[in-house]
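Down below is the structure, laid out as structure tokens.
The values are calculated or read from the model by the stated rules, or taken from the named source; none is laboratory data. Everything quoted here is computed from the prediction, not taken from an experiment. Don't worry about glycine lacking a Cβ; one is built from the backbone with ideal geometry, like all the others, and counts go over all protein chains shown. In case anyone asks, the SASA skips ligands and DNA or RNA and just uses the protein heavy atoms, side chains included. Shrake-Rupley method; radii C 1.70, N 1.55, O 1.52, S 1.80 Å.
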Amino acid sequence: MPKQSASWIKPPQERVLQVFAFDPSLNLDIEMAVLNSMFLHVPWEKLSIGPVGEYLEVVDIDPPSGSVYLPVDLDNPVLLVQDGLAPSEGTPQFHQQMVYAVVSRTIQNFERALGRLALWSPSTEGGNLKYVQRLRLYPHALREANAYYHPAKKAILFGYFPASIRNAGANLPGGMVFTCLSHDIIVHETTHALLDGLHPYFGEPSNPDVLALHEAFADIVALFQHFSYPEILRNQIAKTRGDLTSENLLAELAQQFGQAMGGRGALRSAIGKKEEDGSWKRSVPDPSLIQTTFEPHKRGSILVAAIFDAFLTVYQSRTADLLRIATAGSGILPAGNIHPDLVNRLADEAARISQHILNMCIRALDYCPPVDITFGEYLRAVITADYDLARVDKEGYRIALIESFRRHGIYPSGVRNLSEESLLWHPPEDELFRYKFFAGNLAEIRKFSGIENRYGVTREGIFNYDLGFRQIIRDFWFADLAKNATQKELKGFRKSLHLYLSQAKGDNLASIVLENGLPALEVTSVRPAYRIGQNSLTVTDLVVEVHQSRRGYLDSELQRKVDNGELHDIDPDFIFRGGATFLISTETGETRYVIGKRVGSNNRLERQQTYLRDGVVDHSLQATYFGNPITNYFIKGNKQVNLFAILHRSG
Amino acid sequence: MNGTFHLKQVNIRMYRPGLGDCFLLTFKGSNNERRYMLIDCGVLQKTANQESRLGKIIQDIKEQTEGSNGNRGKLHIVVATHEHVDHISGFVMHNTRFQEEFDIEEVWLAWTENKQDPQVAESYSSVRDTPLEALRETLSMFDDVPDADIPQSIKKIKKLFEFVADGGMDSLRSLGRRLNYLRPNTDPHLGPTNVIAREDFGGVRFHVLGPPEDPKFLEKGDLPKNKNQIYLGQPINQATALTAALLKFGKQSTFKSISELEVDELYELCLPFDHTQAIPIAEAQQDKFFIEHYGFSEGPSNEAPDWRRINDDWLEAGSQLALDLDDHTNNTSLVLAIELSPGGKVLLFPGDAQHGNWLSWAKTANGTNLLQRTVFYKVGHHGSNNATLVPGGLDQMLDGGLVAMIPVDPVRQPNYKMPNKALKMRLLSQTKGRVIQACEGIGSAEPCPGVDFKPPAEKPADMSPGEWDQFIQLMSWDQSSDKLWVEYSISV
């Protein structure tokens, strides 16, 4: 009997794993009990025990309990045929499974939106940048109502805690709550890690929007990823009779977390909150709120609310026809349950629209400045990224977003009006610079972004290749330019490309950080980005992010003196960062967009000085004793403060 | 008790130990009768020369209260608002002097210090003791670690421990001839109703406003449960689970407030999973998976480097516990409103009461009434933001003659953000510049320029020259090189 060979069987695309759809607190609510488990489809990969795979390693050590828990073997055939372990709060192996599944799904969303493989932020241990293969996940790391991404350890630490007696909500008071079993918390933390991998300076609080954006973005991904599960949607839509603005489990993040801490409803609620009397109330957008809200979570909530409102606008407009059909024009649905066909169609629309918005928000990450991000700039990034995908805003996503941002008081600076046209990023001012700079190196650009270099290469290979290319751009292209450019051209670089390749006495920029006598220039990222071109074909752009820095001082007088060279060698209070992001066409070498943050901008420097000196007002007891963690971040000698841990700890 | 007299004037002397409260009130009658009340006597640890400076202050108190080489000083009432070092270290460090050189009639403490009180035993006793021991354990785990490697959160716990004076109140219990634990006796409609009328103090009435009897005003964060509470069926919470682990894995195995057996029981109760699931870390150290993916040896290794491990990260939650404990202790401050005559001027001494404590009395009928007649406010918690309730509290102190004193001397203790800038500006505006801070003097919005005390060269804009001169005349200060005190005088 010939040996049965399985070589003709293709490996699967996906693996199915069971997870809790919502925070397990809902198990106590009989309505939700049926609904709370979900079958998550994640990309197939060979896993060893842990589970440990290409991107992740789950290491289940619990120091405050003095224990470890046996790592699960998800490739065990017994588990494979059952779609993994059944959801169970009391089985640590299920926790390992769930954490692996939800993180994997989140990574997949990112990769699909960006069209390339996700990389974790490299480690700086030992001085050099070193590739980090796997994000580490610790499902039972802390005994607190907290979970956080640890940028230095390249790990996510999840806490667990007994539910508080006061208003434990649906939790059993005293019962164990595991943050690693909350889908939303897992997605939120993973997003911090992914964003950190893409934009390492987005964790540095140079203005009130920076940390708020990190938080908001993590919430947005959690929120909209949840909406991409149609089976959950169907139940919600049936329950809310199609009107997703009413109270709605999907819009309340980390619900169990908030409940167990004794709060009302979820920790961060985008579209409304529970009142004192327990009733739920829709938030009305207040454009003045952003002027007075600086705490990162609260400020971030405004951005989340803006995006969610836009989602609702599009949903309502796209389902108007369905409701017209269902109500024969009256617009009033009959009492009782709505027809299951209608439920399905509404659910499909909601899932589709939320997936689109999620993609828009993720793609925007390639259109952001390298440092000092603001909400307004993020809006411009979202609009531009979507424009690059579809010239015509057929379904009104962009207009809904612009409108919604306006209602919430989020305005980009430096634009003439809020039309789509004004919000798009611009190519370099001087036409000369649109072509002059990168076009000369078109062959190398094409080689870098060519498919042959991306297929069949490992993530580590891509990382090293990118690193190498960055060196080339820096050491040859820019260095070459700096040496051979005329004065006029150097001036043009500042104006059009926002980069300082030279520095002269009259510039009053003696505070700029130099390398070999010239303003130091770091290419922090090089990567391909995809869009739809003129003839509806996929086109590749090259994204290049460049970074420059300057010594910053809180005292304006001192800053002035260092800038004009009067004083030297004084330790800075903070590093003021600048640079630019370029999007370059690999077809023509044309610089399509430049998103600049000039390091020589004194206005921007002053704003950061004011923010760090006076603007970061924190009245908590924490701040009284310890000062504000944001200003402490910049104090020299302070061992790298993990802002994510602190922010998440104080809620 | 001596005979009654007609009260003419009250002198409030704020001593300047550094960051700390020490107030001597002298109640003077029309025939020079005098009664003395001392509210708190303490300074933060690590203040330079604290012991000798406090000693000098106590010497001054003795002289002010008719004490001399032969006679004892007379302290008719000694108040200790709460068990923090910056309020009671004087009583602890110089306990013998208080016992031997003073004649103390009564000691007043908050009812929350009465360990015999059943409510205290159930909710408050050992709410502080055991978690404090647990946190001490946490700190001891970093004894041998170089300062640069100690995580920020652990440093925070250390900082908060500078205020802890566990057991300190015991130094006070036997100081006077009588010991009173005071309650506000809160009425749901009127507010605090406990009024101690003292004819022997010239008819002064002492209103006990706090600490609140309703637990919901005291606890912001959930504090750890003690064994009584757990046995009574109260479920454990996060702080309990953390405390259990801190006790179990500390260096020590014996504690004052909890037995070894109880530590183990508590620990078992707080485990997240059933026994059968857990594998001790010691065993994991022999396991291939954990060796490869976590690592237990020193120094960097390829797959399992030490910088990715999380052995101590869980300890950082202790900083929140320490903050909650500090907050709780502050909230148990004895709050006294001293009414100089029926319907007349009120002096407010709230200790370090935080918002929870304030909220229990500020917005009540009785509380508001007293606030509106307040002419002197001892600013709580050295001017930190959370210790002065503004809406319903400070904004009710509308008397035109309001004066505030802030007992903090940043020059001697510059590490904290006290007083809070915004609060100080608010105080300055409400008192029209009459804010006396323990270092630089009056009306200054700037941080202390030096240790000298002198009034500003120009009077604040809001006041007429007459008003301002009058105010300056009511002030006096220690001209000696020690600059131990500043005093303000109020006529009845």
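Residues in segment A:405-433 that are modelled with pLDDT under 90, part of a helix (DSSP H, G or I) and surrounded by 15 or more Cβ atoms within 10 Å (Cβ to Cβ): A:433 only. Of all residues in segment B:197-220, exactly one satisfies the criterion of being surrounded by fewer than 16 Cβ atoms within 10 Å (Cβ to Cβ) and hydrophobic (A, V, I, L, M, F, W, C), namely B:197.
Out of A:547, A:568, one residue alone is open to solvent by 60 Å² or more (accessible area, probe 1.4 Å) and either assigned by TED's automatic domain parsing to the domain that holds residue A:371 or outside any helix (DSSP H, G or I) (or both). It is A:568.
Report, by residue number, each residue of segment B:220-246 that is at the interface with chain A (Cβ under 10 Å from one of its Cβ atoms) and of a type in the set (A, V, I, L, M, F, W, C). B:230, B:236, B:239, B:241, B:242, B:244, B:245, B:246, listed by residue number.
Against the definition (in contact with a Gly (Cβ under 7 Å, 6 or more places away or on another chain) and open to solvent by 10 Å² or more (accessible area, probe 1.4 Å)), how does residue A:71 come out, yes or no? Answer is yes for this residue. Exactly one residue out of A:583, A:612, A:605 is within 23 Å of the chain's Cα centre (by Cα), open to solvent by less than 30 Å² (accessible area, probe 1.4 Å) and not β-branched (Val, Ile, Thr), and it is A:583. Do the conditions hold for residue B:400, that is, is it assigned to a loop (DSSP other than H, G, I, E, B), at pLDDT 75 or above and surrounded by fewer than 16 Cβ atoms within 10 Å (Cβ to Cβ)? Yes; evaluated as a whole, the condition is true for this residue. Looking at segment A:388-399, can you tell me whether even one residue there is buried (at least 16 other Cβ atoms within 10 Å of the Cβ) and in contact with a strand residue (DSSP E or B) (Cβ under 6 Å, 6 or more places away or on another chain)? Yes.
When you look at residue B:313, is it facing another protein chain (nearest Cβ under 10 Å), crowded, with 19+ Cβ neighbours inside 10 Å, at pLDDT 90 or above and more than 30 Å from residue B:6 (Cα to Cα), yes or no? Yes. Cβ-Cβ distances below 7 Å connect the following pairs, each with a first residue in segment A:438-467 that is closer than 22 Å to residue A:121 by Cβ and basic (Lys, Arg), a second residue that is at pLDDT 75 or above and not in a helix (DSSP H, G or I), and a separation of six or more residues or different chains: A:459/A:117; A:459/A:119.
Of the conditions (1) within 12 Å of chain B (Cβ to nearest Cβ); (2) among the acidic types (Asp, Glu); (3) without any contact (Cβ under 8 Å) to a residue 12 or more places away in the chain, residue A:144 satisfies every one except a single condition; which number is it? Unmet for residue A:144, out of (1) within 12 Å of chain B (Cβ to nearest Cβ); (2) among the acidic types (Asp, Glu); (3) without any contact (Cβ under 8 Å) to a residue 12 or more places away in the chain: (3). Just one residue in the set B:255, B:217, B:249 is of a type outside the set (Asp, Glu) and more than 14 Å from chain A (Cβ to nearest Cβ); that residue is B:255.
For residue A:434, state whether it is closer than 19 Å to residue A:384 by Cβ and among the charged types (D, E, K, R).
So residue A:434 passes the test.
Please enumerate the residues belonging to segment B:69-84 that are farther than 15 Å from residue B:104 by Cα and not acidic (Asp, Glu). Listed by number, the residues that qualify are B:69, B:70, B:81, B:82, B:84. Listed by first and then second residue, the pairs linking a residue in segment A:399-428 that is free of Cβ contacts under 8 Å to residues at least 12 places away in the same chain to a residue that is assigned to a loop (DSSP other than H, G, I, E, B), with Cβ atoms under 8 Å apart and 6 or more places separating them unless they lie on different chains, are A:422/A:415; A:422/A:416. As a summary of the residue check, residue B:112 satisfies the conditions (1) among the β-branched types (Val, Ile, Thr); (2) in contact (Cβ under 8 Å) with a residue 60 or more places away in the chain; (3) over 21 Å from residue B:175 (Cβ atoms) except for the one numbered (3). Among the residues of segment B:338-361, those that are over 17 Å from residue B:216 (Cβ atoms) and over 17 Å from the mean Cα position of the chain (by Cα) comprise B:338, B:339, B:340, B:341, B:342, B:343, B:344, B:345, B:346, B:347. Considering (1) at pLDDT below 95; (2) assigned to a helix (DSSP H, G or I), the lone condition that residue A:360 does not fulfil carries the number (1).
Counting only helices (runs of 4 or more DSSP H) that sit wholly inside segment B:20-119, those with at least 1 residues that are buried (at least 24 other Cβ atoms within 10 Å of the Cβ) and touching a His at 6+ places or on another chain (Cβ under 7 Å) are B:50-64.
Just so you know, in segment B:138-188 the residues that are among the hydrophobic types (A, V, I, L, M, F, W, C) and without any contact (Cβ under 8 Å) to a residue 12 or more places away in the chain include one that is most open to solvent (accessible area, probe 1.4 Å), and it is B:148.
Against the test of being under 25 Å from residue B:311 (Cβ atoms) and either among the small types (Gly, Ala, Ser) or facing another protein chain (nearest Cβ under 7 Å) (or both), the options A:84, A:90, A:50 yield a single qualifying residue, A:50.
Within segment A:87-96, restricting attention to residues that are over 15 Å from residue B:271 (Cβ atoms) and modelled with pLDDT under 95, the residue that is surrounded by the fewest Cβ atoms within 10 Å (Cβ to Cβ) is A:88.
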